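Below you'll find the structure, written out as structure tokens, and then a few comments.
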Amino acid sequence: MGINFSDLVTTVSGTYARKILTPEVGYGFDAEVVGARRDRLLGILNGIDTDAWNPARDPLISKPLTPADVSGKRASKR
């Protein structure tokens, strides 16, 4: 199994990372497989950082975009 040779094992969230260490969610992998790699287990929260990735304030796009005004979308795509 690839998990045994992985440098890092990631899941969709910290909560899910903890859950797969339990018999209820680990489905037999919780103790010997995932548990053995718990030092390499990391949960990365779904989603994006809306402050860092905000098209209304992004200096790298040609025209700012907001939910109320998407008129610059075509120019930004080019």
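The values are calculated or read from the model by the stated rules, or taken from the named source; none is laboratory data. This is a predicted model, so every value here is computed, not measured. A quick note on method: Cβ atoms are made from the backbone with ideal geometry, for glycine too, and the neighbour counts reach across all protein chains shown.
For every residue, the table says whether it meets (1) among the charged types (D, E, K, R); (2) assigned by TED's automatic domain parsing to the domain that holds residue 2; (3) farther than 19 Å from residue 2 by Cα.
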residue: 13; (1), (2), (3): no, yes, yes
residue: 20; (1), (2), (3): no, yes, no
residue: 27; (1), (2), (3): no, yes, no
residue: 30; (1), (2), (3): yes, yes, no
residue: 35; (1), (2), (3): no, yes, no
residue: 41; (1), (2), (3): no, yes, no
residue: 54; (1), (2), (3): no, no, yes
residue: 65; (1), (2), (3): no, no, yes
residue: 72; (1), (2), (3): no, no, yes
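Residues in region 19-78 that are over 21 Å from the mean Cα position of the chain (by Cα), within 30 Å of residue 8 (Cα to Cα) and not in a helix (DSSP H, G or I): 22, 27, 28, 29. Test residue 48 against the criterion of being touching a helix residue (DSSP H, G or I) at 6+ places or on another chain (Cβ under 7 Å) and at pLDDT below 90, and give yes or no. No, not satisfied.
Cβ contacts < 6 Å: first residue without any contact (Cβ under 8 Å) to a residue 40 or more places away in the chain and over 12 Å from residue 38 (Cα atoms), restricted to region 1-26; second residue among the β-branched types (Val, Ile, Thr) and assigned to a loop (DSSP other than H, G, I, E, B), any location; separation 6+ or different chain. Result? These pairs meet every condition: 26/20. Taking every residue in region 62-78 that is in contact (Cβ under 8 Å) with a residue 12 or more places away in the chain and pairing it with any residue that is of a type in the set (A, V, I, L, M, F, W, C) and in a loop (DSSP other than H, G, I, E, B), at least 6 positions away or on another chain, the pairs with Cβ-Cβ distances below 9 Å are 75/61; 76/61; 76/65. Within region 37-55, being more than 18 Å from residue 16 (Cβ to Cβ) and surrounded by 12 or more Cβ atoms within 10 Å (Cβ to Cβ) holds for 54, 55.
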